[in-house]
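Read through the structure below, which is laid out as structure tokens, and then see the notes.
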Amino acid sequence: MSTGDRYMLVGRVAEKIMEELLNCAGYTDVSHLYSTKDLLTKAEEIKPGWVAQIEEERRKKLKETNWDYIPPRLVFDWVYGIDYLIAPQGVTRPTRFGFDITVDPQKVIHKHNRFVDNHMLWRAIGITKVGVVLVLQEGDKGFRLLDGEEVEERVDRLLNDVIFLMAENKSSIGKYVLNI
């Protein structure tokens, strides 16, 4: 398995762990509150040609993109660079935090810069803050789903090291580390 494939696989596991921890902390993904069509329309308004560029990148990887069947959560990932979207004050409040999760320390700066370059995109759809979260594994445990006690401990870390810091951060774009 190539290093790139390994990072992709481990990255998916890290995303699932982050999702589990956010859910345990009481935060669910709110991407379903948006429509694929509206997300794509707004992206084209703000950054003409961006959606076509993504389609071309996916085509090069032999992955066809029929937007009629793509859920909003994947549009957030592919078009906006956001793996997970929460409403930290509840869905009726306008505050939205978006996360791009990675396990590759070399990609943190690239992902951060992508958020900076695309700030008009995510701001246009009401996202107030975004953050790149570098998920690090403790010791040699490897990435795996967590048991009950581990989840509680990691939820505390998530709240203290990511969510609360993000809420207090004056900048709308941040970099955070979560040890799991």
(request) Between beta-carbons, use under 12 Å as the cut-off and find the net charge around ILE173, counting Lys and Arg +1, Asp and Glu -1. (result) +4
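Among rounded, prolate and oblate, which fits segment 1-156 when a ≥ b ≥ c are the square roots of the eigenvalues of its C-alpha gyration tensor, a/c under 1.5 means rounded, and a/b larger than b/c means prolate? Working shown, then result.
Working: a/c = 1.89, a/b = 1.28, b/c = 1.47.
In terms of gyration-tensor shape, oblate.
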(request) Report, ordered by chain and residue number, the aspartates and glutamates lying within cross-link reach of LYS129, taken as a straight Cα distance under 13 Å and ignoring same-chain residues fewer than 8 apart. (result) ASP100, GLU168
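Counting GluC sites (Glu not before Pro) as exposed when in a DSSP loop with at most 10 other beta carbons within 10 Å, what is the longest stretch of the chain free of them? Don't skip to the end; give the middle numbers.
Values: sites that count: GLU64, GLU138.
After excluding every exposed loop site, the longest remaining stretch is 65-137.
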(request) Just grab the label-to-label distance for ASP5 and ARG157, each label 7 Å out from Cα along the Cβ direction, in nm (one decimal). (result) 2.9 nm
(message) Can you give me the angle between helix 3-24 and the longest principal axis of the chain, using Cα atoms only, in degrees from 0 to 90, rounded to the nearest 10?
(response) 70 degrees
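Which entries of LYS60/LYS111; LYS60/LYS170; LYS42/LYS111 have Cα-Cα distances beyond 29 Å here? Mind showing how you got there, number by number?
Details: LYS60/LYS111 21 Å; LYS60/LYS170 39 Å; LYS42/LYS111 21 Å.
Among LYS60/LYS111; LYS60/LYS170; LYS42/LYS111, the Cα-Cα distance tops 29 Å for LYS60/LYS170.
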(request) Convert each backbone phi in segment 148-162 into a coupling constant with the Karplus relation 6.51 cos²θ - 1.76 cosθ + 1.60 (shift: θ = phi - 60°), then list the ³J(HN,Hα) values in order as whole Hz, x for Gly and Pro. (result) x, 5, 5, 4, 4, 5, 5, 4, 4, 5, 4, 5, 6, 8, 10
(message) Rounded, prolate or oblate, given the Cα gyration tensor of segment 39-87, with a/c below 1.5 counting as rounded?
(response) oblate
(message) If the elastic network links every pair of Cα atoms under 10 Å, which of PHE115, PHE99, PHE164 fluctuates the most in the Gaussian network model of the chain?
(response) PHE164
(request) Grab the Cα-Cα distance for GLU55 and THR128, subtract it from 0.36 nm times how many residues apart they are, and report the gain in nm with one decimal. (result) 23.6 nm
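Every read-out reported here was derived from the displayed coordinates using simple, explicitly stated rules and does not represent laboratory data. Being a predicted model, the structure only gives us computed values, none of them experimental. No Cβ is skipped: glycine too gets one built from the backbone with ideal geometry, and neighbour counts run over all protein chains shown.
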